[in-house]
1. Which residues, counting only those in segment 127-148, are open to solvent by less than 10 Å² (accessible area, probe 1.4 Å) and among the acidic types (Asp, Glu)?
2. Any chance you could count how many residues in segment 331-341 are assigned to a loop (DSSP other than H, G, I, E, B) and either open to solvent by 40 Å² or more (accessible area, probe 1.4 Å) or closer than 22 Å to PRO126 by Cα (or both)?
3. With polar (S, T, N, Q), surrounded by fewer than 22 Cβ atoms within 10 Å (Cβ to Cβ) and modelled with pLDDT of 95 or more as the only criterion, which of SER12, SER50, SER69 stands out?
4. Filter segment 245-288 down to the residues that are among the hydrophobic types (A, V, I, L, M, F, W, C) and more than 18 Å from PRO310 (Cα to Cα) and list them by number.
5. Could you look through segment 352-372, keep only residues that are in contact with a strand residue (DSSP E or B) (Cβ under 7 Å, 6 or more places away or on another chain) and not in a loop (DSSP other than H, G, I, E, B), and pick out the one that is most open to solvent (accessible area, probe 1.4 Å)?
6. Can LEU59 be described as open to solvent by less than 10 Å² (accessible area, probe 1.4 Å) and within 18 Å of the chain's Cα centre (by Cα)?
7. Output the residues belonging to segment 149-175 that are over 19 Å from ALA345 (Cα atoms), small (Gly, Ala, Ser) and surrounded by fewer than 18 Cβ atoms within 10 Å (Cβ to Cβ).
8. So is GLY349 in contact with a strand residue (DSSP E or B) (Cβ under 8 Å, 6 or more places away or on another chain) and either open to solvent by less than 10 Å² (accessible area, probe 1.4 Å) or not hydrophobic (A, V, I, L, M, F, W, C) (or both) or not?
Amino acid sequence: MADVVIIGAGISGAASAYELATAGLDVVLLDRYAPAAMASGWTLAGVRQSGRDPAELPLARAAVEIWGSLAERLDAPTHYRRRGNLRLALRDGEMARLEAMVRDQSAAGLPISLLHGADAVRQVAPAVSPEVLGASFCASDGHADPKATVQAFVDAAVRAGAKTRFGERVLSIDCVGDRAGDCVDDRAGNGAGRRVSGVTTDKAHIPAGRVVLAAGIFGNELLRPLGLCVPLDVKMVTVLRSIPMAPLLDQVIGVVDGECAGRQEVTGRFRYTSGIRDWHGQMEDGALPRVRPAARDIAHTIHHFGNAIPAIHDAPVDEIWAGLIDQTPDALPVLQAMADPEGLAVAMGFSGHGFCLGPITGRIMAALVQGNDIDLPLDPFRIERFDGWNGVAEPITLHG
């Protein structure tokens, strides 16, 4: 019998497995595909504090403190670079929005500045278009390699004793106790007494006293039979990756209207994305899933990121894919140990900006599973905030 089964081997699940295994628990990490097969592998992979919701900023700042020594701790490369994040104003009226963001985030204690005019921006990042009007600049932001980082967490968890089961789909989270298996919403207490007893997969039953659910867009398939649901609207982002190019850009680039974002990897490849779009509902299933963007979305992404970084127009494209985003109504995740069923902890709904948070999410979930205190404000991430939700979602202007 395992102490903990973790469902989902993206960065949240892998980091949770690492933290729990190093704490001495018997951990099983499951994924229907492979590590970083979906959102954590598809992401832009920014390590960003700037532009965060005030509720999420303390978590992002705590995560950034971990990122600096993460590769050493995991004994594997993450390719983390702390070179800053620029959010560009390219159209009239956008500087006012940047000024408000910089003012609010400075008041919250984040070191962030406002750069006025193209000369000031291009002094930091010469690759930026000379047409830029200004930018916010957070020098303590950065980026990392998503697949390398997730694999580093997985390998470190295995060295600490965790077991992995990939290519295995979880069919149910199993419970014992009053009304076990009933699909009625029991948060009011009518079904008090249920406790997690393990999971059933398409290959086996795995007994466990605790379960961490970090399955992204698939999470509600397992929550609904328990009478729980995180409101999600699955969105899509187009991603392009160039061949290796000469070094041009150190920073992660975003724009005020959210129509694009991008960076240059340590390999020299540009990795850049569209804004958030409605998902067309198609995903090719197999050993690894694949979502294909429409031609218009590809062209739109090249156009908008080329407006920000003109050199992109001369960068041959090597790969194109689309990533899916588990967007909640307020664009904040659920991070919570459930009272019913006891033993279930949920980490999902990161809304396209969970990669940076991965290291602190792992510590949070490990603390919740073990019943330990953690010195971070978690009330904004409780599922109960969606009680009485009116169906209106917050727009997302930053992801990755």
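The values are calculated or read from the model by the stated rules, or taken from the named source; none is laboratory data. Since this is a predicted model, take the numbers as computed values, not measurements. Every residue, glycine as well, gets a Cβ built from its backbone with ideal geometry; the counts of neighbours run over all protein chains shown. These accessible areas exclude ligands, DNA and RNA; they are computed on the full protein's heavy atoms, side chains included. Shrake-Rupley method; radii C 1.70, N 1.55, O 1.52, S 1.80 Å.
1. Listed by number, the list holds a single entry, ASP141.
2. First, the residues of segment 331-341 that are assigned to a loop (DSSP other than H, G, I, E, B): 331-333, 338-341.
Right, trim to either open to solvent by 40 Å² or more (accessible area, probe 1.4 Å) or closer than 22 Å to PRO126 by Cα (or both) and you get 339.
Residues in segment 331-341 being assigned to a loop (DSSP other than H, G, I, E, B) and either open to solvent by 40 Å² or more (accessible area, probe 1.4 Å) or closer than 22 Å to PRO126 by Cα (or both): 1 in total.
3. On the way: SER12 fails: surrounded by fewer than 22 Cβ atoms within 10 Å (Cβ to Cβ); SER50 fails: surrounded by fewer than 22 Cβ atoms within 10 Å (Cβ to Cβ).
Just a single option satisfies the conditions, and that option is SER69.
4. Here is the first cut: in segment 245-288, the ones among the hydrophobic types (A, V, I, L, M, F, W, C) are 245-246, 248-249, 252-253, 255-256, 260-261, 266, 270, 276, 279, 283, 287-288.
Result: VAL266, ILE276, TRP279, MET283, ALA287, LEU288.
5. In this case the residue turns out to be LEU368.
6. yes
7. ALA160, GLY161, GLY167
8. Details: in contact with a strand residue (DSSP E or B) (Cβ under 8 Å, 6 or more places away or on another chain): yes; either open to solvent by less than 10 Å² (accessible area, probe 1.4 Å) or not hydrophobic (A, V, I, L, M, F, W, C) (or both): yes.
For GLY349, the condition - in contact with a strand residue (DSSP E or B) (Cβ under 8 Å, 6 or more places away or on another chain) and either open to solvent by less than 10 Å² (accessible area, probe 1.4 Å) or not hydrophobic (A, V, I, L, M, F, W, C) (or both) - is met.
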